[in-house]
Amino acid sequence: YDYALVIGNSHYANMNALATPTHDAQTIADLLTRRYGFKTTILLDATSDQIGAALDRLTDLKETDRLLIYYAGHGGPRFGPPERAFWFGVDADPNNSLRWIPADYVSEKIKQMKAKQILLVSDSCFAASITHANSTTIVHATTEERFRMQWDRRARMVLTSGENSPVADTSGEQNYSLFAKYFISVLQENDGLMSGETLAGEIASRMAPEAKRMGIKQNPTYTKLQDPSVNLGEFFFLPPANPVQVATLNE
């Protein structure tokens with residue numbers, strides 16, 4: 001089965017509110033469920049404990065399952081190198097790290113999960129730090145030969161909304177974050193087999209002109225989670241209306 005955990009945090013007890021994450025999360029959860037057939041859990045304005053508990057439950061997935069985790073909300077580094085990144089539950093205190101969720105914690109939870117292919121999508125400031133400081137690889141790989149190689153292999157991939165810097169909470173249309181706007185539109189338009197790196201490349205190319213108009217530097221990143229048990233796999237999106245493409249790959 002395909003599973004998704006979608007988290008959208010907008011209203012914080014001790015930090016400024018964000019305009020788009022809960023709306024982003026609702027739209028994305030609906031898109032993944034209706035168009036792609038994911039069994040989706042959505043958390044809106046979740047505390048640190050609620051996020052941690054949801055991640056714990058995902059360790060029960062089977063080796064034949066696939067999983068997408070999407071986080072939209074506050075994120076940032078702690079008093080030093082950006083690679084020490086955190087997610088923030090709505091109960092987080094910016095002056096006390098006790099309720100912060102370390103990127104390393106999220107990474108370790110993913111490594112414990114049995115699901116064959118996992119894609120972590122993080123739309124928050126300093127999101128790229130969840131992998132490593134130089135995770136800026138975005139490549140278009142669309143050949144059937146490469147798809148065949150990646151289809152049955154384990155994967156732990158990370159797609160981030162930007163590099164190690166702040167990211168835009170809204171797009172020019174104000175309804176979605178700049179990243180979510182194109183994450184949604186690319187997946188809405190897709191009607192075939194799409195790899196995670198193709199998705200990332202398409203988002204990046206669409207975002208670039210708007211980011212330039214907004215006067216910001218925001219470049220999505222796509223890379224493998226640093227996990228030695230994962231080898232050459234990939235995460236794929238395929239609307240259930242097109243099962244013939246899966247059959248072709250399995251021949």
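The values are calculated or read from the model by the stated rules, or taken from the named source; none is laboratory data. The structure displayed is predicted, hence computed values, not measured ones. So basically every Cβ, Gly included, is an ideal-geometry build from the backbone, and we count neighbours across all protein chains shown. SASA here: full protein model, heavy atoms, side chains in, ligands and nucleic acids out. Shrake-Rupley method; radii C 1.70, N 1.55, O 1.52, S 1.80 Å.
Here is how the numbers come out for the structure above:
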item: Lone unmet requirement of (1) out of contact with any strand residue (DSSP E or B) (no Cβ under 9 Å at 6 or more places or on another chain); (2) closer than 20 Å to Ile101 by Cβ for Leu18; result: (1)
item: Test result for Glu173, at pLDDT below 80, surrounded by fewer than 23 Cβ atoms within 10 Å (Cβ to Cβ), of a type in the set (Asp, Glu) and in a helix (DSSP H, G or I); result: no
item: Of the criteria (1) open to solvent by 70 Å² or more (accessible area, probe 1.4 Å); (2) in contact with an Asp or Glu (Cβ under 7 Å, 6 or more places away or on another chain); (3) at pLDDT 85 or above, which one Thr136 fails; result: (3)
item: Entirely in the stretch 1-111, the strands (runs of 3 or more DSSP E) that have 2 or more residues that are over 14 Å from the mean Cα position of the chain (by Cα) and surrounded by fewer than 17 Cβ atoms within 10 Å (Cβ to Cβ); result: 39-44
item: Qualifying residue in the stretch 16-38 (condition: of a type in the set (Lys, Arg), closer than 22 Å to Arg153 by Cα and either out of contact with any Ser or Thr (no Cβ under 7 Å at 6 or more places or on another chain) or in contact (Cβ under 8 Å) with a residue 60 or more places away in the chain (or both)); result: no
item: Residues (at pLDDT 85 or above, touching a His at 6+ places or on another chain (Cβ under 9 Å) and farther than 28 Å from Leu31 by Cα) located in the stretch 55-96; result: Ala92, Pro94
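Every residue, every condition in (1) under 17 Å from Arg154 (Cα atoms); (2) among the β-branched types (Val, Ile, Thr), yes or no:
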residue: Thr59; (1), (2): yes, yes
residue: Glu63; (1), (2): yes, no
residue: Arg66; (1), (2): yes, no
residue: Phe86; (1), (2): no, no
residue: Gly89; (1), (2): no, no
residue: Pro94; (1), (2): no, no
residue: Ile101; (1), (2): no, yes
residue: Val106; (1), (2): no, yes
